[in-house]
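Q: Quick one: structure below, then a few questions.
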Amino acid sequence: MKTKKSVAALVVLVLAMLACLSPAFTDRGLPTVVVAETPHIAPVDSIVVNPAAQQERLVVLYEHASAGTVAIITDQGQGSGFVYDKQGHVVTNFHVIEDARNVEVRFNSGFMAYGTVIGTDLDSDLAIIKVDMPEGELSPLPLGDSDSLKVGQTVVAIGNPFGLESTMTVGIISALGRTLESAHVSPDGNSFIAGDIIQTDAAINPGNSGGPLFNIDGEVIGINRAIRTNSTTDTGQPVNSGIGFAISINIVKRVVPSLIADGKYDYPYLGIASLDSLSLEMIEALGLNTFTGAYVTDVVPDGPADKAGIKADTAPANSPDLLGGGDLIVAIDGRETRTFDEMLAYLITHKGPGDTVVLTVLRGTEKVDVTVTLGKRP
C-alpha cells in the first residue's frame, strides 16, 4: 500500500492509451546512495561503435519482432499488445481493454480477429486476450530476463502510438525498480503499489500501452504501461517527456500463466505501509544510524506483518511527519533493502501467498530478524 504520510510533490501520470484519463501519483524521491569505490570506466574515445552494424541490428530486430506485435482496437480507444504463444494468447494492459464491449486484434501481416478477454490483473495492469486464428498467423515473441537489466542498456518499443501501427522507437533503460499505483484498491481505500517497473526514455505515447519493450537482442523485457508528463497537445493528448514506464517481464512470467489458467493472479501481501525516502531531518529525529531502509509507518491490524510482530511508527519523535518507534527494514531474506521499492520488487517477482520471508529490521539500535508468512492482497 502507499503510505498516507507521503509528503512528496504531486505529479501527473498519463496512461499511454488514447482516451485515457490522467491519474496522479506521488514521487517519493530517490534514496541516498553512498558509493564506496568508483569502478573503472573506459573512456568514451576508446569505445568502438559501428553505426552500420548497429543500424542493421535494429532493422533485423524490427523485422522479427513486428510480426508478433499487435494493435488492439476497442470501442473505448486503442492500444498495443504482443503474441504470447501459439495458442492465440495476446498480452496487453488491463487499462487498454477495461470496460470494452468489443476487442479487435490487428496483426502486422494485415490479419484481423476479434478477441476475448480471459484474464485481468489490476495490480500490475495486465490482461490476456484469446484470439482464434491459424497458427501460421501467430508469431510468439521471445521473453528475456528483467533481473539482468542494467541502466544504460538500449531498448526498443514497438506499438500503436496515436493509431500509427507497428511504430518503432529506440532509447535506453533510464532506471530500474520504480513503482506506480495500481488499479487495485485495498479495503481501506488506499491503492496498492505495482513494483519492479522499468523506466525508459524510448518514446512512448497514447496507444503504446500494452506493447512490448525489447532489449537489443529482440527479447521482450517489459510491457509499456504509462508515461509521466505535464504537457498536452491542443487536442488534450499527452506529450512524451522522455519518462516512460514498463512492467518488467519477470512479473509477466509469473502472472500470465495464472491469468491463462485461472483468469486471475494473487500477489503476496505483507500488510504494511512504508516511508522509504527519509530526509536527514527525519533520520536525525528518529535516531537512526543509517540512511537507507524501508521505514514502517503503518501495520494493518491482524495482517501478516502484524501477526509476526513488525512494529509501526507510534512513539513521539521530533518530526512533524513521523511519530517514531517504527521498524526500519534493512534486508529481506538476507538481501540488502535500501528502499521499500526494492523490497516490493523482490516480493512480487520471487514470492507468493503462503511463502515465508525473513525481514531484518533495526529496532532502535538492535538488529532483529522477523519471519513473516505472506498473505494475499485483499
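The values are calculated or read from the model by the stated rules, or taken from the named source; none is laboratory data. Just so it is clear, the structure is predicted and the values come from calculations on it, not from any experiment. So basically every Cβ, Gly included, is an ideal-geometry build from the backbone, and we count neighbours across all protein chains shown.
Q: Go through segment 207-232 residue by residue and tally those that are at negative phi, part of a loop (DSSP other than H, G, I, E, B) and either within 15 Å of the chain's Cα centre (by Cα) or buried (at least 24 other Cβ atoms within 10 Å of the Cβ) (or both).
A: So the answer is 3.
Q: Can you name the residue in segment 190-215 that is β-branched (Val, Ile, Thr) and modelled with pLDDT under 95 and, of all such residues, is nearest to Leu61 (Cα to Cα)?
A: Ranking the candidates gives Ile204 first.
Q: Please tell me if Thr314 is closer than 30 Å to Asn250 by Cβ, surrounded by fewer than 20 Cβ atoms within 10 Å (Cβ to Cβ) and in the same structural domain as Ala273 (by TED's automatic domain parsing).
A: Criteria not met by Thr314.
Q: Any idea how many residues of segment 317-337 are surrounded by 19 or more Cβ atoms within 10 Å (Cβ to Cβ) and out of contact with any Leu (no Cβ under 9 Å at 6 or more places or on another chain)?
A: Of the residues in that region, 0 qualify.
Q: Quick one: Thr200 ticks every box in (1) more than 12 Å from Asn215 (Cβ to Cβ); (2) under 13 Å from the mean Cα position of the chain (by Cα) except a single one, so which number is it?
A: (1)
Q: Right, another one. Can you find, within segment 48-86, the residue that is surrounded by the fewest Cβ atoms within 10 Å (Cβ to Cβ) among those that are β-branched (Val, Ile, Thr) and over 25 Å from Ala261 (Cα atoms)?
A: Only one residue fits best here, namely Val48.
Q: Could you tell me which numbered condition Thr92 fails, if it satisfies all but one of (1) at positive phi; (2) out of contact with any helix residue (DSSP H, G or I) (no Cβ under 9 Å at 6 or more places or on another chain)?
A: Only one criterion in (1) at positive phi; (2) out of contact with any helix residue (DSSP H, G or I) (no Cβ under 9 Å at 6 or more places or on another chain) is unmet by Thr92, namely (1).
Q: Quick one: which helices (runs of 4 or more DSSP H) lie wholly within segment 267-375 and hold at least 2 residues that are under 24 Å from Ile197 (Cβ atoms)?
A: Ranges flagged: 304-308, 340-350.
Q: In addition: Name the pairs whose Cβ atoms lie under 8 Å apart, with the first residue in segment 92-105 and under 20 Å from Ile249 (Cα atoms), the second of a type in the set (D, E, K, R), and 6 or more positions between them or separate chains?
A: Hits for this filter: Asn93/Asp125; Asn93/Arg225; Phe94/Asp121; Phe94/Asp125; His95/Asp125.
Q: Additional query: Inspect segment 149-161 for any residue being in the same structural domain as Phe111 (by TED's automatic domain parsing), crowded, with 24+ Cβ neighbours inside 10 Å and at negative phi and give the result as yes or no.
A: Checked segment 149-161: no residue is in the same structural domain as Phe111 (by TED's automatic domain parsing), crowded, with 24+ Cβ neighbours inside 10 Å and at negative phi.
Q: Looking at segment 172-189, is at least one residue farther than 30 Å from Gly271 by Cα, surrounded by fewer than 18 Cβ atoms within 10 Å (Cβ to Cβ) and at pLDDT 95 or above?
A: yes
Q: Right, another one. Please tell me if Pro378 is assigned to a loop (DSSP other than H, G, I, E, B) and at pLDDT 95 or above.
A: No: the conditions fail for Pro378.
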